Amino acid sequence: MLIPLREADGRCGAKAANLGRLLRAGLDVPAGFVIGDAIGDDGWGQEIESALLDLGSRRFAVRSSTFGEDGGQASFAGQPDTTLGATTTAQVVQAVRRTARSGAGPEMIGYAARTGQAAGNVVPVIVQVMVEPEAAGVLFTRHPVSGADQVVIEAAGGLGDKAVDGTVTPQAWTVDGSGITGPGLAEAPVLSSARVLTLGKLGRWIEVIFGVPQDINWAVADQKFWILQTRPITTRPDEAKPDEAKRVSSEPGEVLLRGTPASPGIALGPVRVITELDSFDQFCAGDVLVCRTTSPAWTPLLARATAVVTEIGGMLAHAAILAREFGIPAVLAAPGAMTMLADGQQVVVDGSAGTVTAPTNDERNDEPPNSG
Amino acid sequence: MSHQTPADVLVLHAVRTLGYGDTAHIAVRVGLAEDEVRDHLLDAQAHGWATYSSYAGERGWSLTEAGRAQGERLLAAELDGVGARAVVEEVYRDFLPLNDVVAAACTAWQLAEMGIGEQTMTLAETIATLQGPATALARVEERLTSHLHRFAGYHHRFTSALTKAGDEPAWITGTDRDSCHRVWFELHEDLIATLGLVR
């Protein structure tokens, strides 16, 4: 069965559900449809030819509706999950089948776990009109380093895939209110100031729609801004498995550690123990930062952390002041935190009570759907 | 005559106190041309002392553990070379009680802004409290710069932030600007690095 992208919801995979929400909110998303189960359900084979005709395009993009590791072309079973520029019905059908088999991403497994179904290996597939952009790139609605309430835009000419996969250094802008900081004059800008401002407003709008800071893929074509993908900045599909050998055996709700409550709030996330500067690249947005203490070099980590737990310090520590600035819970002066907690272990940090606990079953249901 | 730190050491050290920053930001901090600063950063990268990385959309420089150790060696050699170790140690002892005042004022203000805790520190009270450390910082900086010129600027940056805080409270603890807390945090890191201490 084909589901119009405008009607996509959670059953269609996170990427399609988010795009559906944007379409319903009146944003420009390339027209398309979703195929929930392209392997087990053959019904779509008869519908697809007329559906492609209805889209009125000559070139189509076929994508997995799950978010890859980095939002790019990653796949979980070694299969490419994106095909750009399919032209004939036969090519689209082939691409749909390939993408459907690209493996169950963590969110599909999590969704299946929450709905009590077997995960299977089939991912929902999105077929969309292919946009031929003049420029494309990414946009963050919160400054990824300082955590400031700014929009950061990266752009490159053409499809923008080179900017995403890192082979071309994109041009970058920061929008703060109506102020713009852009790339130097050494190269011709890919975007005009007016376009940067429009994109900034668009990003803000999308953030309002979802209620949390967003990481957005966009493209500009025919004087129009198209949204190709959006996801919360702090969510990431996590393939890291808890270190079982080191993991503390814990009962749901059990208090694992106590420390000084230093920044209020309660948050759930996977532990990442960072011992030194050289292991910063192991830290991912959404992790619970566990460390001895922090210096200025650690600020970018704090800006992206879900919560922070340190072994030393206290209410007045620099780490506490930064955690409150970023609005994340902090438990400081929790002795043994770096040895008691294991990488990948899900914990609940209560920065008001000063505790680190194992998640209860209820809390687990709300956790990022990667450990389901 | 106050000692002028060589540019390559200044640049490496600025990466340490900034923690993370792009070439332009580092150039502003050390007061050198961006091209020159970039050359030093690339040298440091070639030595494995600095790394250029990206966090989500942002790119910038940070130190490696090797770079941190190298920086401390260079600063220690400089410190002993100008015979200022005793003075900086003494300054650091005087700095710590001031640090407590600044951290407490920042914390009280943040909690008041969040509407939690028993304290209800007003903005005016916070600024008045920070005036003490601001004044003391002038003398602290003077003692440091009489031996090492590279310590110049903290007092000016701190008082500038404090002046702006009256209209825009984000200048007290904001992370996206040269706020009072940020300047103070960098000075703390500078002293720790200079003396080779561990936090």
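Rule-based calculations on the coordinates, nothing more; no lab input. Given the structure is predicted, the values throughout are model-derived calculations rather than measurements. Positions of Cβ are generated from backbone atoms using ideal geometry, with glycine treated the same way; all protein chains shown enter the neighbour counts.
Any idea what the dipole of segment B:84-195 comes to, in debye rounded to 20, about its Cα centre with Lys/Arg Cβ at +1 and Asp/Glu Cβ at -1?
Details: 9 positive and 16 negative charges, 66 e Å.
Result for segment B:84-195 is approximately 320 debye, rounded to the nearest 20.
If you take the charge dipole of segment A:255-366 about its Cα centre, with +1 on Lys and Arg Cβ and -1 on Asp and Glu Cβ, which of A:V356, A:I312, A:L341 is farthest toward its positive end?
A:I312
Find which of B:V9, B:L41, B:A76 sits farthest along the positive direction of the dipole of segment B:7-79, computed with +1 on the beta-carbon of Lys and Arg, -1 on that of Asp and Glu, about the Cα centre.
B:A76
Evaluate the distance, in nm, between pseudo-label points positioned 7 Å from the Cα of A:E47 and of A:T181 along their respective Cα→Cβ axes.
Those two pseudo-labels are separated by 4.9 nm.
Mind checking the dipole of chain B: about its Cα centre, +1 per Lys or Arg Cβ, -1 per Asp or Glu Cβ, Debye to the nearest 20? Display every interim value, and only then the final one.
Details: 16 positive and 28 negative charges, 40 e Å.
Using only the charged Cβ atoms, the result is roughly 200 debye.
By the scheme Lys and Arg +1, Asp and Glu -1, what is the net charge of all other residues having a beta-carbon under 11 Å from that of A:E132?
Working: positive: A:R58, A:R59; negative: A:E134, A:D222.
Its environment carries a net charge of 0.
Shape of the protein assembly as shown from its Cα gyration tensor (a ≥ b ≥ c, root eigenvalues): rounded if a/c is under 1.5, otherwise prolate when a/b > b/c, or oblate?
On the way: a/c = 2.18, a/b = 1.68, b/c = 1.30.
Note, shape of the protein assembly as shown comes out prolate.
When you count, for each residue, the other Cβ atoms within 10 Å and take the mean per peptide, how do B:160-173, A:40-53 rank with the highest first? Intermediate values should be presented prior to the final figure.
Working: B:160-173: 17.6, A:40-53: 13.6.
Highest to lowest by the protection proxy: B:160-173, A:40-53.
Segment B:144-199 to segment B:78-124: how many Å between their Cα centroids?
When both Cα centres are located, 10 Å separates them.
How would you order B:128-135, B:186-193, B:91-98 from highest to lowest mean count of nearby Cβ atoms within 10 Å? Numbers along the way, then the final one.
Numbers: B:128-135: 16.6, B:186-193: 21.0, B:91-98: 15.0.
In descending order of packing, they fall as B:186-193, B:128-135, B:91-98.
If you take the square roots of the eigenvalues of the alpha-carbon gyration tensor of segment A:273-350 and sort them as a ≥ b ≥ c, do you get rounded (a/c under 1.5), prolate (a/b over b/c) or oblate? Don't skip to the end; give the middle numbers.
On the way: a/c = 1.25, a/b = 1.11, b/c = 1.13.
Since a/c stays below 1.5, the shape of segment A:273-350 is classed as rounded.
Work out which helices of chain B, taken as complete DSSP H runs, extend at least 27 Å along their axis over the Cα atoms and score a mean Kyte-Doolittle of 0.0 or more, then list them. Numbers along the way, then the final one.
Values: long enough: B:85-114 (42 Å, 0.41); B:123-145 (32 Å, 0.22).
Long hydrophobic helices here: B:85-114, B:123-145.
Please compute the net charge surrounding B:S62, taking Lys and Arg as +1 and Asp and Glu as -1 over other residues with Cβ under 15 Å from its Cβ. Before the final figure, lay out the partial values.
Details: positive: A:R304, B:R16, B:R29, B:R59, B:R68; negative: A:E276, A:D278, A:D281, B:D22, B:E58, B:E65, B:E186, B:E189.
Summing Lys/Arg as +1 and Asp/Glu as -1 gives -3.
With only Lys, Arg, Asp and Glu charged, each at its Cβ (+1 for the first two, -1 for the last two), find how big the charge dipole of segment A:255-366 is about the Cα centre; round to the nearest 20 debye. Could the numbers behind the result be given before it?
Working: 6 positive and 11 negative charges, 45 e Å.
That gives segment A:255-366 a dipole magnitude of about 220 debye.
Give me a single rounded figure for B:46-52: the average over its residues of other chain Cβ atoms within 10 Å of their Cβ.
Values: counts 0, 0, 1, 0, 0, 4, 0.
Neighbouring Cβ atoms belonging to other protein chains average 1 per residue here.
With r defined as the distance between the Cβ atoms of B:R143 and B:V28 and R0 fixed at 30 Å, what FRET efficiency is calculated, to the nearest 0.05?
Working: r = 25 Å, r/R0 = 0.83.
So the FRET efficiency works out to roughly 0.75.
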